[in-house]
1. Return the residues of the range 71-104 that are surrounded by fewer than 22 Cβ atoms within 10 Å (Cβ to Cβ) and part of a loop (DSSP other than H, G, I, E, B); say none if nothing qualifies.
2. Return a yes/no flag: does the range 316-334 have any residue that is on the phi > 0 side of the Ramachandran plot and touching a residue at least 40 places away in the same chain (Cβ under 8 Å).
3. Looking at the range 38-79, which of the residues that are in contact with a helix residue (DSSP H, G or I) (Cβ under 6 Å, 6 or more places away or on another chain) and polar (S, T, N, Q) is farthest from Val232 (Cα to Cα)?
4. Does Trp293 fit the bill of being over 30 Å from Gln143 (Cβ atoms), of a type in the set (Phe, Trp, Tyr) and without any contact (Cβ under 8 Å) to a residue 60 or more places away in the chain?
5. Which of the residues belonging to the range 30-89 are touching a strand residue (DSSP E or B) at 6+ places or on another chain (Cβ under 7 Å), free of Cβ contacts under 8 Å to residues at least 24 places away in the same chain and among the hydrophobic types (A, V, I, L, M, F, W, C)?
6. Looking at (1) modelled with pLDDT under 90; (2) within 21 Å of Ser176 (Cα to Cα), can you tell me which one His291 breaks?
7. Which ones in the range 305-320 are within 31 Å of the chain's Cα centre (by Cα) and either surrounded by fewer than 13 Cβ atoms within 10 Å (Cβ to Cβ) or at pLDDT below 95 (or both)?
Amino acid sequence: MRAGVLSGNRLPLHLTPCRLIERPLVSVVIPCYNYKRFLKDAVSSVLAQEDVDVDVIIVDDASTDGSKELALQLAAGDSRIRTVIHTTNAGHIATYNDGLARVAGEYVVLLSADDLLAPGSLARAAALMEQYPEVGLVYGYAQEFHDKPLMGRAGKTSWSLWSGEEWIAHHCRRGSNIIVNPEAVLRRSVMDELIGYRADMPQAADMDLWLRAATLAAVGRINGPVQAYYRVHGQNMHLTDFGSPLDDIRARRQVFASICSMPGAQGMRHRRLENLARRAMAEEAVREAIHIWDTRPHLAACAEQLADFAIETDGSVSESRLWNSYLRRLTATTYKGDKKIFAAIYRWRWSYRWRRWRREGV
């Protein structure tokens, strides 16, 4: 690590990138279950990466739509592609870990078969980790798309670096996940120490993995260009298997509790941060409860569950103006003006958080 880059509490942002000198090997694991219609594009986005060598591992989890046959066909046509074929469905966590256990590269990516890598993304991430060996996780901006990704101008590229502890603190202050998934690149030595995804956290296993990585190494981000494309369609796992907002926020609370309960001095520091995470999640739950009352009152039961979660997570939220705003909904004393003001603040807050995340990654 360059001397002084990660010294102190306030870290430098927007460092000038360096180019790769050598061609590192990057392993890209592509888990697939009934995503034949997307698989070829995902693989092509990896094979087209410049300035790195790629090792593609397609893990088919007993698909029934012809994905297995397509995977074998792709592997027969390119020596950079390997296949792992499950005869029975093992589920997404076991499929991820099966592929990750077989990687050969210095750097590792898990790319869902319905997502895409952006041109040049692996070289940009590898260059950062080559320049700063203490960085174990690099991510960037993953742009959502439906049918075809919008290929815009790359813009100016810069690097941001955080110590692992400071990056965890950013997570706790937000109370939410910062990384989408396809844009994340892990150093293999860090992945080996993590031993893959946790089966007991199926909904937030990716968030847990990033935070555990940050307990072992520094974190970097590619600012500016799109690093990956996240496809939004009717069969996304977060919509089909894990679609409830309450389930999502409960899963995040479990991750923060796990990370912040680590033994030793590091765990003690993290436990102090857990209170920030719990407060952030409690306030988020109350905001969502209010938003439901204002826009979908027929889902009042969901709003009540979110409010109960908020009190359970951080009881002091009941002393806030936000909680009083929620109570006014229950007693029918809210005026139309209150709803309009809250709706405007709600939209502004999410817009501001999105723009900051897009620009700075936290």
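The values are calculated or read from the model by the stated rules, or taken from the named source; none is laboratory data. Because the structure is predicted, anything quoted here is derived from the model rather than measured. A quick note on method: Cβ atoms are made from the backbone with ideal geometry, for glycine too, and the neighbour counts reach across all protein chains shown.
1. Correct list: Gly77, Asp78, Ser79, Arg80, Thr87, Thr88, Asn89, Ala90, Gly91, Ala101, Arg102, Ala104.
2. Of all residues in the range 316-334, those on the phi > 0 side of the Ramachandran plot come to 332.
Those still in the list that are touching a residue at least 40 places away in the same chain (Cβ under 8 Å) too: none.
Taking every residue of the range 316-334 in turn, none turns out to be on the phi > 0 side of the Ramachandran plot and touching a residue at least 40 places away in the same chain (Cβ under 8 Å).
3. Per the stated criteria, the residue is Gln49.
4. On the way: over 30 Å from Gln143 (Cβ atoms): yes; of a type in the set (Phe, Trp, Tyr): yes; without any contact (Cβ under 8 Å) to a residue 60 or more places away in the chain: yes.
Yes: the conditions hold for Trp293.
5. Leu72, Ala75 - these are the residues of the range 30-89 that are touching a strand residue (DSSP E or B) at 6+ places or on another chain (Cβ under 7 Å), free of Cβ contacts under 8 Å to residues at least 24 places away in the same chain and among the hydrophobic types (A, V, I, L, M, F, W, C).
6. His291 satisfies all of (1) modelled with pLDDT under 90; (2) within 21 Å of Ser176 (Cα to Cα) except (1).
7. Going residue by residue through the range 305-320, those that are within 31 Å of the chain's Cα centre (by Cα) are 305-318, 320.
Once the filter is applied, which keeps residues that are within 31 Å of the chain's Cα centre (by Cα) and either surrounded by fewer than 13 Cβ atoms within 10 Å (Cβ to Cβ) or at pLDDT below 95 (or both), the range 305-320 yields Gly315, Ser316.
Each row is one residue, and each column tells you yes or no for (1) surrounded by fewer than 21 Cβ atoms within 10 Å (Cβ to Cβ); (2) under 18 Å from Trp167 (Cα atoms); (3) modelled with pLDDT under 95; (4) touching a His at 6+ places or on another chain (Cβ under 9 Å).
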{"site": "Pro245", "(1), (2), (3), (4)": "yes, no, yes, no"}
{"site": "Asp248", "(1), (2), (3), (4)": "yes, no, yes, yes"}
{"site": "Phe256", "(1), (2), (3), (4)": "no, yes, yes, yes"}
{"site": "Met262", "(1), (2), (3), (4)": "yes, yes, yes, yes"}
{"site": "Arg272", "(1), (2), (3), (4)": "yes, yes, yes, no"}
{"site": "Met281", "(1), (2), (3), (4)": "no, yes, no, no"}
